[in-house]
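The values are calculated or read from the model by the stated rules, or taken from the named source; none is laboratory data. These numbers were taken from a predicted model, which means no experiment stands behind them. Using ideal geometry, Cβ is built from the backbone for each residue, glycine included, and neighbour counts are taken over all protein chains shown.
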Amino acid sequence: MQLSAKIFKMLFKGKLKTVNWFFIVQILAAITLTLTFRPISEMFFNNFAAIFFVSSFILEALYLIYSSLRAEKLNSNQTWRLIAVSDGQFYLANILSSLMSYIYFGIIQIITFFMLIMLQDVKTNFVLQDIKTIRNIIKDVGVSETIGVLFVIVLIGLTFYLFVSLIDFSSEAIVDFLPISSGKFMVNLIRIIILVIICWIGFQVYNLVWPIIARESLSEIALNLGEYLPGNLTVFLITDIILLATNLLLITKAFEAEPNK
């Protein structure tokens with residue numbers, strides 16, 4: 001158990017460096033776009049904050065894709081798998097460290113966004129008003145709903161990691177245990193089924209965030225969250241448990257690491 005914790009720390013430390021590089025790229029890209037579309041003025045921080053906010057969704061998605069693919073390369077690397085821990089323990093450490101780095105990326109983006117807003121308002125003494133506004137938003141939407149939305153976002157990230165693992169593990173297992181022709185057919189069938197499931201999950205996410213995209217009132221947002229949030233939490237939680245159990249079974253019973261990965 002102590003060894004798997006050390007492996008988690010080692011993997012997490014390496015993934016933090018990647019997050020920091022993504023964050024630096026995001027900052028530089030936001031500054032470049034801000035200076036390109038509007039000259040430096042007293043509105044700089046507001047424009048920068050808006051561009052940074054939009055870019056956060058893009059960079060978070062890109063990091064999720066990159067880190068999931070990187071995690072699978074580690075799962076398939078025979079050198080890492082020679083460490084004196086079980087395959088299941090290594091997989092948990094790998095997935096958990098990826099998920100924590102994804103959460104860390106989101107946290108520093110949120111903190112940076114609010115800092116940018118407050119930097120603009122320091123001159124006009126609107127900082128306390130900003131804090132009051134944020135507090136009122138959370139109060140109107142609801143503390144439990146706010147925490148629930150954040151938890152759903154984390155579960156969505158975990159679902160993505162687990163789905164990538166499922167595709168990788170199941171494809172390799174099928175190819176190894178079935179004839180080439182039958183194996184390819186089954187792999188394609190599984191990928192189609194998984195794609196359908198991912199589209200369905202995407203639709204659930206759309207239902208969750210659409211009121212915010214449509215700029216509805218806070219009361220309407222709260223009403224929507226109250227209607228869809230419990231179901232989404234339940235669906236993603238159950239989905240993640242099933243996927244995690246399936247992946248642990250596959251990596252311990254039917255998946256072999258390769259020395260050239």
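Structure data summary
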item: Counted residues, region 157-178 - those being at pLDDT 85 or above and β-branched (Val, Ile, Thr); result: 2
item: Extreme residue, modelled with the lowest pLDDT, among residues of region 4-42 that are surrounded by 13 or more Cβ atoms within 10 Å (Cβ to Cβ), of a type in the set (A, V, I, L, M) and more than 18 Å from SER101 (Cβ to Cβ); result: LEU35
item: Residue match in region 119-134 (condition: among the aliphatic types (A, V, I, L, M), at pLDDT 80 or above and either within 30 Å of PHE255 (Cα to Cα) or surrounded by fewer than 19 Cβ atoms within 10 Å (Cβ to Cβ) (or both)); result: no
item: Members of region 43-55 that are over 23 Å from the mean Cα position of the chain (by Cα) and modelled with pLDDT of 80 or more; result: PHE48
